[in-house]
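> For reference, the structure I am asking about is given below.
The values are calculated or read from the model by the stated rules, or taken from the named source; none is laboratory data. Since the structure is predicted, the reported quantities are computational estimates derived from the model, not experimental observations. When we count neighbours, we look across all protein chains shown, and the Cβ atoms used for this are built from the backbone with ideal geometry, even at glycine.
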Amino acid sequence: MKTITSLASLAAAAAALFLAGCGKSDSTATAPAPTAPARAVPTEGRAITVVGNDSMKFDVTEIRVKTGEAIALTLKNAGTMPKFSMGHNLVLVESGVKLADFTSDAAQAVKTDYVPDKYKAKIIASTKLLGPGESDTVLFYAPKQVGRYDFLCTFPGHFQVGMKGVLIVD
Ligand SMILES: [Cu+2]
């Protein structure tokens, strides 16, 4: 009985030490993490809906917006196949991103739903990865620069078979 008690108190002491350790690391964790400058996000915007499906296509492949326009972009996954084999997202990237490189990095980024961290600063807007019947809306400001901006699904293989489109800013 005595042994059990002392073991219990040892465990309690260890837990206390562990908690103290956690407390320490917490205070350092409040320091701002070095990240890319955050994009301003509007609270509302013009509603635009894009639907993806099991044939790996977006129903809208050309979206026209004004420079700096606030947009509320919704992606709907109208397919029925499971997310692990047929998930869809919609990722809008800055001009100058080489899509072949981007998609090969994206295919490796399983943990972040196929959106590679190192491209964070190059992504204008990105929906969640959606399973069948799901939808997600993202709010963003259109680029201030007139031009053509690619959007695509980064689920492995989908861009290659044509799950892509262009945002035209004028
Ligand atoms: Cu897809």
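> Has segment 55-64 got any residue that is in contact with a Cys (Cβ under 8 Å, 6 or more places away or on another chain), over 11 Å from F155 (Cβ atoms) and either within 15 Å of the ligand (Cβ to nearest atom) or outside any loop (DSSP other than H, G, I, E, B) (or both)?
There is at least one residue in segment 55-64 that is in contact with a Cys (Cβ under 8 Å, 6 or more places away or on another chain), over 11 Å from F155 (Cβ atoms) and either within 15 Å of the ligand (Cβ to nearest atom) or outside any loop (DSSP other than H, G, I, E, B) (or both).
Results for (1) outside the structural domain of G52 (by TED's automatic domain parsing); (2) of a type in the set (G, A, S); (3) more than 25 Å from K66 (Cβ to Cβ); (4) not in a loop (DSSP other than H, G, I, E, B), shown as yes or no for each residue.
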| position | (1), (2), (3), (4) |
| --- | --- |
| K76 | no, no, no, yes |
| G96 | no, yes, no, no |
| D105 | no, no, yes, yes |
| A125 | no, yes, no, yes |
| G133 | no, yes, yes, no |
| F140 | no, no, no, yes |
| F151 | no, no, no, yes |
| G165 | no, yes, no, yes |
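> Report yes if some residue within segment 106-116 is surrounded by fewer than 16 Cβ atoms within 10 Å (Cβ to Cβ), within 17 Å of R39 (Cα to Cα) and under 16 Å from the mean Cα position of the chain (by Cα); otherwise report no.
No, there is no match, as no residue in segment 106-116 is surrounded by fewer than 16 Cβ atoms within 10 Å (Cβ to Cβ), within 17 Å of R39 (Cα to Cα) and under 16 Å from the mean Cα position of the chain (by Cα).
> Also: Say we look at segment 150-161 and pick out the residues that are under 17 Å from the mean Cα position of the chain (by Cα) and either among the polar types (S, T, N, Q) or away from the ligand (no atom under 11 Å from the Cβ) (or both); which of these is surrounded by the fewest Cβ atoms within 10 Å (Cβ to Cβ)?
So, considering only residues that are under 17 Å from the mean Cα position of the chain (by Cα) and either among the polar types (S, T, N, Q) or away from the ligand (no atom under 11 Å from the Cβ) (or both), the one surrounded by the fewest Cβ atoms within 10 Å (Cβ to Cβ) is D150.
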